[in-house]
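Scroll down for the structure; my scribbles are underneath it.
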Amino acid sequence: MQPILKIDLTRGETAEISAPPEWERHYLGGASLAARLLYPELVPDLVPLSEAAPLMILTGPLTGTAGPTVGRFVVCGRSPATGLWAESNCGGFWGPELRFCGYDGLWLTGRADRPVYLWLADGRLEVRQAQAVWGQDTYAAQETIRTEIGVPNARVLTIGPAGENGVLFAGLFCDHGRTAGRTGLGAVMGAKNLKAIAVKGTGKIPLASPEAFASLRGTANRMLKADNIAQVTHALGTAGVADYADYLGSMPKKYYHQATMDGVDKISGATMTETILKGFSTCHGCVIACGRVVDLGDGIRRKGPEYETAVGFGPNLLNDDLAEIVRLNEICDRYGMDTISASNTIGLAYHLYEKGLLSEAEVGFPLAWGDTQAAGRLLDLIARREAIGAFMADGARRFGAHFGAEQEAVQVNGLEVAYHDPRGVSGMALVYATSPRGACHNRSDYFFVDWGQAETSLGLEFLDRLGGAEKAANVARHQDWRTVCDSLVLCLFGNLPVEMVVDLVNAACGFGLSVTGLLQSGERAWNLKRAINNRLGLTQVNDRLPKTLLEPYADGPAAGYVPPLEAMLAAYYEARGWDRRTGRPGREKLQALGLADVAGDLWESG
Amino acid sequence: MAVRFPGPAWLESLQEKLNADEKYSQTARNWEGDMAVVIEPSGPLVETLVYYFDLWHGRCRSVAVLDDSSTVKAAFVLKAPYDHLVKILKGELDPMTAMMTRKLQVQGNLGVMMRNVPTVLEFVRCAKENTGEIL
């Protein structure tokens with residue numbers, strides 16, 4: 001692999017770091033390699049928004065090739081929202097461009113003494129003053145920096161005002177509205193006085209067997225073009241699944257308190273395609289092009305919402321106006337905030353207001369379900385940390401706690417739950433409860449498996465979507481697979497057989513891995529991230545769901561069902577080889593995965 | 001009544017089943033569009049079979065065996081190898097799993113399809129219940 005460029009923003013020093021060759025094979029890259037590299041630094045007294053906190057941006061071994069869905073990179077560190085392991089990946093073209101510069105990653109440490117941005121052109125790094133761009137929104141900042149450096153096709157990864165102001169769900173944005181949104185790493189970047197990183201490279205991506213890779217990626221791209229999921233995602237966007245999610249009862253409404261809603265079909269990807277869609281946007285080398293370009297009638301081309309945003313600012317707030325969802329999405333993008341956490345926290349505000357736990361005097365204006373103007377005002381306040389927004393900017397858990405209602409917040413370990421309800425797809429109960437970064441829907445998008453995407457080549461069975469403990473091993477297996485995807489930083493919508501992925505990895509890296517070996521690398525990294533979190537204070541008590549998700553819906557397709565979480569967790573611990581008493585991976589499990597040093601740290605420290 | 005698959009008798013029997021099945025009729029009440037099922041050779045099947053269904057508002061108005069898959073002009077086309085289709089009809093392969101794991105290909109207006117997945121699933125249920133002996 002190419003080196004990682006380590007940049008100390010305090011001292012203005014740089015160094016090239018190379019991972020040990022065995023780590024390349026065992027962790028592949030991306031989030032898994034980042035976890036291994038950052039393991040020594042992620043200790044309990046590390047303050048996420050401090051000068052000492054690391055921020056690592058890594059690509060994967062396929063990133064920037066002509067392979068399928070390989071435009072992504074991942075940002076890692078310690079989350080200021082959860083206090084746990086943080087990772088958030090992002091599409092677009094920035095990751096490939098970094099690799100064209102000759103680096104597979106950036107390792108940022110320290111804090112600049114004033115706002116700066118980085119400009120990396122091939123191997124040449126400049127630290128530039130950013131006072132002029134500090135305070136600009138993410139769309140404007142990208143344009144300003146491109147103009148300032150005089151390279152119109154440079155790729156700019158930036159934070160917005162939310163990241164500058166320490167909003168705990170601030171993200172990093174590039175290529176207009178591509179987002180590393182979750183876990184608040186935009187605030188970590190802002191705490192370093194780092195506004196943006198511009199990159200432009202002219203190099204080539206190293207491949208072990210270029211001819212074999214070219215043949216495989218051609219086949220893979222043709223398979224993707226013919227794939228049903230890819231075709232739906234292209235034609236309708238990721239919100240194309242909204243109708244089916246609603247039909248199965250896995251799309252929450254009214255802050256997870258309502259199973260059905262009149263007019264819910266008005267926010268679906270199908271409706272978007274039939275009404276406001278004007279074009280598509282894509283990431284590097286992707287044949288799917290899930291990104292939406294929409295026009296609300298004013299002639300301005302805007303980003304159309306993906307599924308999570310459509311539901312978060314739609315049915316979650318009892319809103320069925322797609323144009324308003326587009327508007328709220330753009331506000332979040334410009335401020336540089338994650339739409340899942342933002343819409344979840346706003347949903348909590350509406351919920352508390354309805355319950356009388358939050359007053360009009362405390363908010364400053366009334367909150368009514370379906371009122372998107374109020375939601376927009378809240379977004380403004382959150383990004384500026386003003387009035388009620390100062391509390392909401394800390395995320396749902398702390399916002400709820402401030403008003404004596406932490407138990408009402410639909411979050412796990414400080415990360416707000418995404419919009420796949422475990423009362424409609426029960427595998428998500430385990431996914432949310434055990435994800436290394438809180439209630440994440442992507443460390444395993446098991447809702448797809450509960451809908452039917454049960455790949456036999458991964459050893460997955462198709463089990464009842466309202467089942468229980470019998471799917472624990474299935475979930476663990478799928479988490480391992482998605483951890484592989486996160487190490488390669490592959491898009492989860494690239495629905496390719498695992499055999500094809502392992503062939504692509506071997507052709508790119510010259511490894512000779514088997515499917516079993518590939519999945520074991522996922523299991524290794526999953527356990528490593530768990531161990532990091534254990535060392536940061538996570539125990540079995542943290543493997544939980546918010547009370548709302550354990551209360552059955554009275555009506556709708558999943559009426560009366562709640563996932564049997566305790567039984568599922570017991571089976572999951574068994575499948576994982578984890579200690580039920582402490583919540584830690586067992587010593588033997590860690591040793592078997594080649595993590596003897598981690599086993600020593602975890603079990604010999606008591 | 002379960003009928004031997006494949007064959008014209010199976011096709012005609014399925015038309016009767018669809019028109020008699022109350023749940024299908026209700027679920028598919030808004031469905032507009034004909035559908036072709038292209039059964040590709042595998043296992044004992046040596047030549048492609050194309051079964052055509054004219055589906056309209058919960059009714060199956062007509063069925064036909066088409067001669068040539070290349071001339072299919074239906075609004076929706078479901079395409080699968082014979083072996084996979086047989087597994088679906090036997091209940092050994094879930095139709096959604098088939099669609100999501102590259103075993104059954106769907107062509108047509110995907111917006112309409114995603115809004116009407118329940119209709120497709122009811123259609124498959126009727127086909128399963130209509131199937132007796134298999135080639």
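Annotations for the structure displayed:
- In loop segments of the stretch A:155-208 as defined by DSSP, the trypsin sites (Lys or Arg not before Pro) with at most 16 further C-beta atoms inside 10 Å of their C-beta are A:LYS204.
- Using Cβ point charges alone (K and R +1, D and E -1), the dipole size of the stretch A:427-604 about the Cα centre works out to roughly 540 debye.
- Selected from A:MET251, B:GLN105, A:ILE300, residue furthest toward positive end of dipole (the protein assembly as shown; charges at beta carbon): A:ILE300
- The H on the amide N of A:ASP122, modeled in the peptide plane, is under 5 Å from the matching H of A:LYS200, A:GLY201, A:THR202, each at least 5 residues off or on a different chain.
- Whichever aspartates and glutamates have a C-alpha closer than 12 Å to that of B:LYS73, once near sequence neighbours (fewer than 8 apart) are set aside: B:ASP34, B:ASP54
- The modelled label-to-label distance for the pair B:ARG61/B:THR48, using points 7 Å beyond Cα in the direction of Cβ, is 2.6 nm.
- Listed by chain and number, the aspartates and glutamates placed with their C-alpha closer than 13 angstrom to that of A:LYS253 are A:ASP262, A:ASP265, A:GLU308, A:ASP320, A:ASP421, A:ASP555; residues fewer than eight positions away on the same chain are left out.
- Lys/Arg +1, Asp/Glu -1 at C-beta; the stretch A:155-261 dipole; positive extreme among A:GLY163, A:PRO206, A:GLY184: A:PRO206
- The stretch B:3-130 shape via C-alpha gyration tensor axes, a/c threshold 1.5: rounded
- Net length gained if the chain between A:ALA289 and A:ASP265 were fully extended (0.36 nm per residue, minus Cα distance): 6.4 nm
- Along the stretch A:61-66 the Karplus relation, 6.51 cos²θ - 1.76 cosθ + 1.60 evaluated at θ = phi - 60°, assigns HN-Hα couplings of x, 9, 4, x, 6, 8 Hz to successive residues, with x for each Gly and Pro.
- Modelled label reach - B:ASP68, point 7 Å along Cα→Cβ, the stretch B:34-49 residues with backbone N closer than 16 Å: B:48-49
- Dipole magnitude for the protein assembly as shown: about 1100 debye, using +1 per Lys or Arg Cβ and -1 per Asp or Glu Cβ, origin at the Cα centre.
- For A:GLU455, the amide hydrogen comes within under 5 Å of the amide hydrogens of A:LEU460, counting only partners 5 or more places away or on other chains and with H modelled in the peptide plane.
- Between the listed residues A:GLY150, A:ALA34, A:ASN542, the Cα displaced farthest toward the positive end of the dipole of the protein assembly as shown, a dipole computed from Cβ unit charges relative to the Cα centre, is found at A:GLY150.
- Between the stretch A:535-595 and the stretch A:421-456, the C-alpha centres lie 12 angstrom from each other.
- Efficiency of FRET between B:LEU135 and A:GLU41 - r from beta-carbon atoms, R0 41 angstrom, step 0.05: 0.05
- Cβ-derived FRET efficiency at R0 45 Å, B:GLU22 paired with A:LEU49, nearest 0.05: 0.15
- Measuring between alpha carbons in the structure, the pairs from A:LYS6/A:LYS303; A:LYS547/B:LYS90; A:LYS471/A:LYS547; A:LYS266/B:LYS87 lying more than 29 angstrom apart are A:LYS6/A:LYS303; A:LYS547/B:LYS90; A:LYS266/B:LYS87.
- Built amide H within the under 5 Å cut-off of A:LYS278, gap 5+: A:VAL293, A:VAL294, A:ASP295
- Distance cut-off 34 Å, percentage of C-alpha pairs in the protein assembly as shown lying past it: 47
- Per-pair calculated FRET efficiency, R0 = 22 Å: A:GLN129 and A:ASN153 via Cβ, rounded to 0.05: 0.45
- Placing dummy labels 7 Å off each Cα toward the beta-carbon, the span from B:GLU12 to A:GLU499 is 4.2 nm.
- Among the GluC sites (Glu not before Pro) within the stretch B:1-83, those in coil by DSSP and having at most 11 neighbouring Cβ atoms inside 10 Å are B:GLU47.
Every read-out reported here was derived from the displayed coordinates using simple, explicitly stated rules and does not represent laboratory data. The model shown is predicted, which means the values in this text are computed figures rather than measured ones. All Cβ positions, even for glycine, are placed from backbone atoms using ideal geometry, and neighbour counts span all protein chains on display.
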